[in-house]
Amino acid sequence: MSENSWGKTAASRGKVPKDEVRTALLQTAMGLVQTNGLTVGFEHLLMDDLIKESGVPRSAVFKIWETKEAFFEDLLSEVANQVSPGRADEESLVATWEYLGFRADELRTLEGRRRIYLDVVSLAAEQNFEAVTSSVQWRTYVALASTALSYPSAVRDRVIESLRNSELAFLDQMEVFYRNIIPAVGYRLRPDLNDDYRPLVVASSAVIEGLGISRAIIPDLVEARYTIENEGRSAEVSLAAISYHAITSSFIVPDPNYDAEAAIARLSGGIDEIPMVQPRSRSIDD
């Protein structure tokens, strides 16, 4: 028996089905991870506390997982299955669409469209940056993604596959966002990208998440505010907003066929008129 084995110091409290024991202990551990975050491992999770909290017999736990490492590998896979970056949601699209509706008249001129584009991406970037960097779920996701290659091969493959599925779901969510918002303000994806929004999604999210990581180390720089010129008006923006605007702007061009009046009419119709353009169904390798 391994030196890392659980040990059998407690008497059984009655026979409990293995599936119930497994589910109870994993759910208890998952609750702690979701509340406190994963950090870079499970050292903060005390096994005796987990067993006590879940209410399962120690002897039954030992029969399922011979060692603590075996349990942690299963828990790691479970965390990867359930965690998502928490970086996108339908509410963001709705809020942005509503904001555009309030400023729809500015879409009639190229200068107005440039101005409103900077403002709307700045708003989206700052809201997303604050939501992401304050999220325990995101910190758990980052910890998993950062350490996945260091895990034993069996659990590594399971974790990477789960993270991949989460990334694909995120790509779909954000593609819906960009496919709705970008055309509404008079732009389109660069023709050489062949209508593939995924590079834009990956690059823009990398900026936000990279700044989120840097914020813990150099907050004075990351949280600084800047006054910039925006088509004849001054705007105070964050570093996240400047960076997000720079990245997204490199992926789009003005749409020569833009119909401002049609866009204004659609935006003025309110939330119920959101044209939910869906992404094309495809895998990441297409």
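Structure notes:
- Whether a residue is part of a helix (DSSP H, G or I) and either modelled with pLDDT of 80 or more or within 16 Å of T140 (Cα to Cα) (or both) was assessed, and R22 passes this test.
- Count - residues of segment 121-158 that are under 30 Å from L100 (Cα atoms) and surrounded by 14 or more Cβ atoms within 10 Å (Cβ to Cβ): 15
- From the list R113, R158, R164, R139, the lone residue that is closer than 19 Å to A241 by Cβ and either in contact (Cβ under 8 Å) with a residue 12 or more places away in the chain or not in a helix (DSSP H, G or I) (or both) is R113.
- Screening segment 158-180 for residues that are more than 12 Å from the chain's Cα centre (by Cα) and among the aromatic types (F, W, Y) and picking the one that is nearest to Y117 (Cα to Cα) gives Y178.
- Any hit, segment 101-113, residues being β-branched (V, I, T), in the same structural domain as Y226 (by TED's automatic domain parsing) and within 16 Å of I264 (Cα to Cα): yes
- Residue check for A11: more than 26 Å from L163 (Cβ to Cβ) and at pLDDT below 75: yes
A quick yes/no check of all residues on (1) of a type outside the set (G, A, S); (2) over 18 Å from D119 (Cα atoms); (3) touching a helix residue (DSSP H, G or I) at 6+ places or on another chain (Cβ under 6 Å):
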| residue | (1), (2), (3) |
| --- | --- |
| S150 | no, yes, no |
| A154 | no, yes, no |
| I182 | yes, no, no |
| R190 | yes, yes, no |
| N194 | yes, yes, no |
| P199 | yes, yes, no |
| V207 | yes, no, yes |
| P219 | yes, yes, no |
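- Annotation: of all residues in segment 197-237 being closer than 26 Å to L168 by Cβ and in contact with a Leu (Cβ under 8 Å, 6 or more places away or on another chain), the one that is surrounded by the fewest Cβ atoms within 10 Å (Cβ to Cβ) is P199.
- The set of residues in segment 179-208 that are assigned to a helix (DSSP H, G or I) and of a type in the set (D, E, K, R) comprises R179, D192, R198.
The values are calculated or read from the model by the stated rules, or taken from the named source; none is laboratory data. In this text, all values refer to a predicted model and were calculated from it rather than measured experimentally. Quick reminder, even Gly has a Cβ in these numbers, built from the backbone with ideal geometry, and neighbours come from all protein chains shown.
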